[in-house]
1. Which one of these does residue A:567 not meet: (1) modelled with pLDDT under 90; (2) more than 14 Å from chain B (Cβ to nearest Cβ)?
2. Yes or no: segment A:207-216 includes at least one residue that is assigned by TED's automatic domain parsing to the domain that holds residue A:139, in contact with a helix residue (DSSP H, G or I) (Cβ under 8 Å, 6 or more places away or on another chain), free of Cβ contacts under 8 Å to residues at least 40 places away in the same chain and part of a helix (DSSP H, G or I).
3. Condition first: within 14 Å of another protein chain (Cβ to nearest Cβ) and within 19 Å of residue B:77 (Cα to Cα). Can you find one or more residues in segment A:502-524 that meet it?
4. Taking strands (runs of 3 or more DSSP E) that fall entirely within segment A:357-471, which contain at least 1 residues that are without any contact (Cβ under 8 Å) to a residue 40 or more places away in the chain?
5. Could you check, for segment B:24-44, whether at least one of its residues is within 22 Å of residue B:332 (Cα to Cα), at pLDDT below 90 and within 14 Å of another protein chain (Cβ to nearest Cβ)?
6. Any residue in segment B:284-303 that is out of contact with any strand residue (DSSP E or B) (no Cβ under 7 Å at 6 or more places or on another chain), over 30 Å from residue B:231 (Cα atoms) and within 14 Å of chain A (Cβ to nearest Cβ)?
7. Residues B:175, B:131: which one is touching a strand residue (DSSP E or B) at 6+ places or on another chain (Cβ under 9 Å), more than 14 Å from every other protein chain (Cβ to nearest Cβ), at pLDDT 85 or above and assigned to a strand (DSSP E or B)?
């Protein structure tokens with residue numbers, strides 16, 4: 001019922017998903033153009049540029065990390081193209097990631113979610129280009145400073161997501177576990193990227209590579225101990241009502257309910273049953289796998305590293321499939337969760353020890369410079385793609401402007417019309433007579449409000465005030481007019497109280513008009529406003545509708561104006577109204 | 001160390017001892033209230049889904065035959081309703097709820113339709129009490145302001161800071177108001193408050209003059225439940241921790257203890273004041289519902305789940321039960337029973353089609 005409660009916004013709203021797709025395609029053309037330009041430069045400069053082939057090959061472990069991370073970022077960018085992302089990510093992924101974290105973490109994540117919600121389309125598209133750009137950057141820039149800059153960009157973006165997007169991977173939440181993704185895939189992305197930032201000579205250093213695997217080993221052992229720690233629910237299965245009581249069974253049960261192919265959900269469901277019926281066995285296997293992997297890395301002999309590699313990879317694969325459920329199903333999956341990147345880190349660091357190259361001299365490293373023509377040209381193209389996303393994201397971060405498309409998305413699209421408005425003589429909240437003729441020369445936003453309404457009408461009135469503020473000095477060319485829509489409560493005194501209570505008291509271009517009931521009824525009928533009173537304490541029902549009249553008093557646009565149920569949707573209404581009013585002069 | 005622990009335990013016990021007794025604290029907000037004059041009776045109660053915004057204040061009224069639904073239309077009543085009765089004129093103040101932040105009034109004669117024009121821009125906050133006289137309406141707003149409208153004049157708001165300070169001095173706050181004929185009291189208005197301390201000065205005039213009560217003493221933890229004007233002065237219903245419910249009457253410039261209702265240690269669920277100053281209360285006493293009344297009638301136990309009481313214009317007492325069907329969005333069912341002696345007779349049933357979801 002309009003006028004009595006806000007509507008929400010479904011994640012699959014066609015207006016938003018269409019706009020998302022359109023913006024993405026438009027910017028994809030820019031991305032293609034950049035690549036074409038890069039290719040042209042490469043072809044022109046190629047013959048003149050000194051070759052880097054004389055330099056020692058890139059260490060195997062580094063190459064695997066670099067390509068793997070690049071592919072993962074590109075996969076993440078692809079996942080960001082899902083139609084549900086613009087509207088689904090904040091409440092489907094961001095906020096839930098911090099629900100059990102301390103309030104300061106929730107506050108940080110909520111801030112990130114608000115940035116996204118204000119400009120969902122531009123933000124969602126921006127993230128695609130940032131991730132695609134970083135992925136391509138890591139792949140095309142093999143060595144030299146361009147490669148290291150790409151890795152730095154990867155670290156910066158991963159840490160941004162880790163903090164404001166995932167609430168630090170829920171490490172401050174109770175019950176965090178490596179099995180469920182803690183300390184967060186983006187944190188592991190950042191750690192893995194940091195190995196690409198270090199100078200290439202480090203990969204030839206026995207001390208550095210062995211220390212690296214030992215640190216990773218320590219991490220696995222610590223996670224194993226945490227997993228084994230009593231009282232955290234890791235050893236529990238089903239309760240006596242056969243409901244999930246343990247951590248692992250609860251997680252697997254939840255993940256099995258994610259929208260996904262039936263085969264996958266049945267696999268995860270079967271595992272949930274196993275974890276519920278034999279929780280001690282299942283958790284013990286996970287603990288042993290983590291401790292064995294960690295111990296193998298800590299010993300750091302060739303044999304122990306191979307054992308750690310095999311056990312660790314099996315652990316990652318089993319966890320990824322059966323507990324994390326691949327991580328990217330459900331329409332708003334942003335990445336394949338922690339296990340693939342952890343496995344990549346494990347492989348990269350172990351190969352860093354077992355396939356350590358002959359020492360690269362500092363002189364050879366210095367000769368790498370920016371990393372060769374391919375790295376310079378296509379690394380720069382990739383960097384520009386990152387910038388293509390970073391600029392609108394930065395703008396959204398510092399701006400409180402809300403996308404006006406959201407207000408349209410919760411209502412039917414506005415209709416362009418052309419008819420003369422109905423003449424009237426009414427009284428405003430100041431007790432002054434206002435006629436339709438007296439408003440000519442101004443663009444008029446005309447709506448119908450109930451002064452004793454408890455929900456939509458005060459919201460719409462406040463958005464009228466916000467519209468007035470958005471218009472700035474142009475506001476003097478606009479009249480914001482509301483006609484009383486309550487058959488019973490329509491005195492001037494009530495108009496005055498409503499005006500004061502909703503922050504419109506000092507606005508010269510605000511008119512809350514009322515009159516005798518026959519005249520109000522004539523206006524309601526003309527503007528298709530259905531009002532009715534019900535017994536038993538119901539508020540007056542009426543439809544939320546707004547008309548825009550040009551300076552000649554001709555009605556030019558009509559739209560439903562249900563304000564929605566969030567502050568952001570409300571703000572979108574005022575942004576939309578201000579935009580449309582400006583179009584009429 | 002031992003003395004330290006002892007002092008902590010003794011201190012805690014001391015604090016507990018100073019706390020007001022259970023049952024003498026603030027009554028439930030928006031308690032059902034029955035008001036009756038010789039020509040009309042009204043009852044305000046809540047119906048609809050429990051909690052949230054889907055509970056609506058409803059007004060039932062009768063002139064002597066059947067009770068009818070008489071809730072003011074055109075406004076959501078989910079914030080609650082304050083009622084006042086003067087002769088046959090019923091006044092309702094709709095309390096703010098959700099985004100409505102001021103208090104529209106409506107007025108009706110007997111069972112006639114409510115007129116919503118009776119409103120002033122002065123009454124823009126949540127009032128805690130409403131009283132009407134022959135031509136005057138008073139709202140106690142925000143605990144320290146009195147908005148008064150006389151005749152067709154506009155509202156005037158005056159501070160009752162002195163009275164508020166008296167209330168505050170004993171740990172209470174202004175909570176009730178009664179308009180009394182100006183010739184019977186200095187400025188025609190009595191303000192009442194509760195007190196959790198031993199220095200209770202229960203009633204003051206709007207000008208800050210204290211009105212002493214003879215016979216009640218200065219008992220701590222007193223809860224003023226009702227304060228209404230009567231043809232001869234005023235009547236107050238006070239819950240005390242030691243004497244049960246006490247009825248006070250104001251006449252010829254003084255307050256008198258006129259009756260004690262044996263309700264200790266009951267919890268008052270609803271109260272009613274009759275056309276000749278009778279008082280009845282529905283109390284829960286150790287899990288049992290009982291009705292206590294002024295006069296020589298002993299408290300009587302009433303089987304069933306009753307939620308309100310009201311006198312009819314003829315002076316007989318009615319009990320009301322409300323059954324809500326929030327899940328099915330069916331009408332709430334109100335059962336009315338007449339209490340004669342200790343005997344209950346169901347007289348009628350009303351279905352109230354509560355507007356589920358219409359305020360959200």
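1. Failed condition: (2).
2. Yes: segment A:207-216 contains one or more residues that are assigned by TED's automatic domain parsing to the domain that holds residue A:139, in contact with a helix residue (DSSP H, G or I) (Cβ under 8 Å, 6 or more places away or on another chain), free of Cβ contacts under 8 Å to residues at least 40 places away in the same chain and part of a helix (DSSP H, G or I).
3. no
4. In segment A:357-471, the matching strands (runs of 3 or more DSSP E) lie at A:433-435.
5. The answer is yes; a qualifying residue exists.
6. No, segment B:284-303 contains no residue that is out of contact with any strand residue (DSSP E or B) (no Cβ under 7 Å at 6 or more places or on another chain), over 30 Å from residue B:231 (Cα atoms) and within 14 Å of chain A (Cβ to nearest Cβ).
7. B:131
Quick grid of which residues meet (1) within 14 Å of chain B (Cβ to nearest Cβ); (2) touching a strand residue (DSSP E or B) at 6+ places or on another chain (Cβ under 7 Å); (3) within 27 Å of residue A:412 (Cβ to Cβ):
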residue	(1), (2), (3)
A:529	no, yes, yes
A:539	yes, no, yes
A:560	no, yes, yes
A:572	no, no, yes
A:579	no, no, yes
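The values are calculated or read from the model by the stated rules, or taken from the named source; none is laboratory data. The shown structure was predicted, so the numbers you read here are calculated from the model rather than taken from an experiment. A quick note on method: Cβ atoms are made from the backbone with ideal geometry, for glycine too, and the neighbour counts reach across all protein chains shown.
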